[in-house]
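Below: the structure, in structure tokens.
The values are calculated or read from the model by the stated rules, or taken from the named source; none is laboratory data. Model, not experiment: these values are computed from the prediction. Note that we place each Cβ from the backbone using ideal geometry, even for glycine, and neighbour counts take in every protein chain shown. Heavy atoms of the whole protein, side chains included, go into the accessibility calculation; ligands, DNA and RNA do not. Shrake-Rupley method; radii C 1.70, N 1.55, O 1.52, S 1.80 Å.
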Amino acid sequence: MEVTAMHFKRKATENLQNEKLQHALKKMQSKFVDKRAEALTELPNFPEIRDAAADIRERAVKNLDAYLLRFEREATARGAVVHWAEDIEDANRLVVEISRLHGVRKVVKSKSMVTEECGLNDYLASVGVEVLETDLGEYILQLAHEPPSHIVAPVVHKSKEEIADLFEEKHGRPRTTDIAGMCREAREVLRPGFLAADMGISGANFIIAETGSVLIVTNEGNGRLTTTLPRVHVAITGIEKVVPTLEDASTLLRLLPRSATGQSITNYVSILTGTRGKADPDGPEHFHIILLDNGRSRLLGTELQPMLRCIRCGACMNHCPVYQNIGGHAYGWVYPGPMGSVLTPAFVGLENAIDLPNASTFCGECAVVCPVKIPLPDLMRHLRRRQVERRLRPMKERFALRLWSWAAQHPAVYALFTRAAARLLHRLGGKKKSLRHLPGASGWTRGRDMPAPSGRTFRELYQARRST
């Protein structure tokens, strides 16, 4: 997938002015945020489960090499072939080699963010392999030639009317905006693809070291059809997805669907182990598993290592006020929201995603809702510091930060400065008490009016309240 994160500011501005997108994002907020809060009430011991989940993921990351080698050993013993890919070029090459080995011409795919990293669909098409996305959201985006805007609900930015227009154009059938009717129409178009496919490609929510299994959670039957009907199954996953045992996976499954979609459990939980046995009614004859690094191992032993705990639930973006207002496409790569503000610079280079660590209000909500306790604001703050150290931020900004840092270390100067700033900004607000333009800080006021301060600092207000 092409990286366009360097255009974040422009895309964010455009998306703020996109009325259709704003309407879709408002509906998303109530759908995901409220449902998550309701689902968590089912867990009276939620804090303890969350602690256990964070410990499981941290233990797996700290012993990543040992668990991955055990996974390879167990998966191989059950008939799977495990491949190691250092980067996306390796992963794409391996998929093509596997397809040629088994004479594959048609592929069906279940939703996978790792294959989005690889740009796998375009790569397969370039060598003559036909690919059909079977997740409803991903299928819609394939028809529209668009990338996903959310890791769980990839087509959340589109209205049903837009999808109806797209189906009418691509399917050549009478237009309908009835959701059940559109789902049936997509099912009728997709079902022949499952029967004709030589190979199915999936991602993995977790891989289990204890049994060599791949675990996927889905809400549509396409996941199981993709992994059981074709004679070849290829699962592509990041190396960080390994967990030690099935019991550990069951603990994480108590949090993943609740955090992602507000469900107690997804419609399908599939544990895929080895190839089809003689007595098995279905399953692949050949099972290949590609373990992708693509920058993940570089995070080990660094301040960004906690990011490897991520279970891709999307809760951080669902609750982020920035994502809620600009959507996922503005972030310019596979992973949007707070998680993307860390992962994208880490994977594609800080210089190629210069604005993403700053795409945050630092309200801390992302860390509060993360089911595995990733300190996302701390990680973004680390990336901001690294930007300044590498002089990737404008000189004016770096000077202002140094001045602020110096003042903060001298309380008397800081108090004088904040009092003067509060009074000046209060006067600039005028009768409307609103700042429409700030010299030297137009980025704050170009797209919105800011409320002017009262003219007194918090300290002064606190002292005044105590004296009364």
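Computed values, structure above
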item: Residue satisfying all of: in the range 387-397; part of a helix (DSSP H, G or I) and hydrophobic (A, V, I, L, M, F, W, C); farthest from S341 (Cα to Cα) among these; result: M395
item: Test: I311 is touching a Leu at 6+ places or on another chain (Cβ under 6 Å), open to solvent by 20 Å² or more (accessible area, probe 1.4 Å) and modelled with pLDDT of 95 or more; result: no
item: Selected residue (only one of V114, V107, V95 is more than 24 Å from the chain's Cα centre (by Cα), within 24 Å of Y139 (Cα to Cα) and open to solvent by less than 20 Å² (accessible area, probe 1.4 Å)); result: V107
item: Search result, residues across the range 123-175 that are among the basic types (K, R) and farther than 14 Å from L21 by Cβ; result: K160, K170, R173, R175
item: Scan of the range 1-41 for residues that are outside any helix (DSSP H, G or I) and open to solvent by 90 Å² or more (accessible area, probe 1.4 Å), ordered by number; result: E2, Q17, T41
item: Some residue of the range 281-289 being surrounded by 16 or more Cβ atoms within 10 Å (Cβ to Cβ), at pLDDT 95 or above and within 21 Å of V334 (Cβ to Cβ); result: yes
item: Filter result for the condition that a residue is at pLDDT below 95 and assigned to a helix (DSSP H, G or I), over L141, L124, L195; result: L195
item: Selected residue (only one of R402, R391, R381, R385 is at pLDDT 85 or above and touching a Lys or Arg at 6+ places or on another chain (Cβ under 8 Å)); result: R391
item: Within the range 290-302, considering residues that are closer than 28 Å to K11 by Cβ and of a type in the set (D, E, K, R), the one surrounded by the most Cβ atoms within 10 Å (Cβ to Cβ); result: R296
item: Condition broken by H410, with the remaining ones in (1) at pLDDT below 80; (2) more than 30 Å from W333 (Cβ to Cβ) satisfied; result: (1)
item: Some residue of the range 227-237 being within 21 Å of I151 (Cβ to Cβ), hydrophobic (A, V, I, L, M, F, W, C), in contact with a Pro (Cβ under 8 Å, 6 or more places away or on another chain) and at pLDDT 95 or above; result: no
item: Qualifying position, being touching a helix residue (DSSP H, G or I) at 6+ places or on another chain (Cβ under 8 Å), farther than 22 Å from I236 by Cβ and surrounded by 16 or more Cβ atoms within 10 Å (Cβ to Cβ), among L124, L190, L143, L136; result: L143
item: Filter result for the condition that a residue is crowded, with 17+ Cβ neighbours inside 10 Å, in contact with a Phe, Trp or Tyr (Cβ under 9 Å, 6 or more places away or on another chain) and within 23 Å of M307 (Cα to Cα), over A53, A80, A60; result: A60
item: Filtered residue count, the range 393-424, keeping only those that are closer than 30 Å to E351 by Cα, surrounded by 13 or more Cβ atoms within 10 Å (Cβ to Cβ) and aliphatic (A, V, I, L, M); result: 3
item: Tally of residues being assigned to a helix (DSSP H, G or I) and touching a strand residue (DSSP E or B) at 6+ places or on another chain (Cβ under 8 Å) across the range 249-266; result: 5
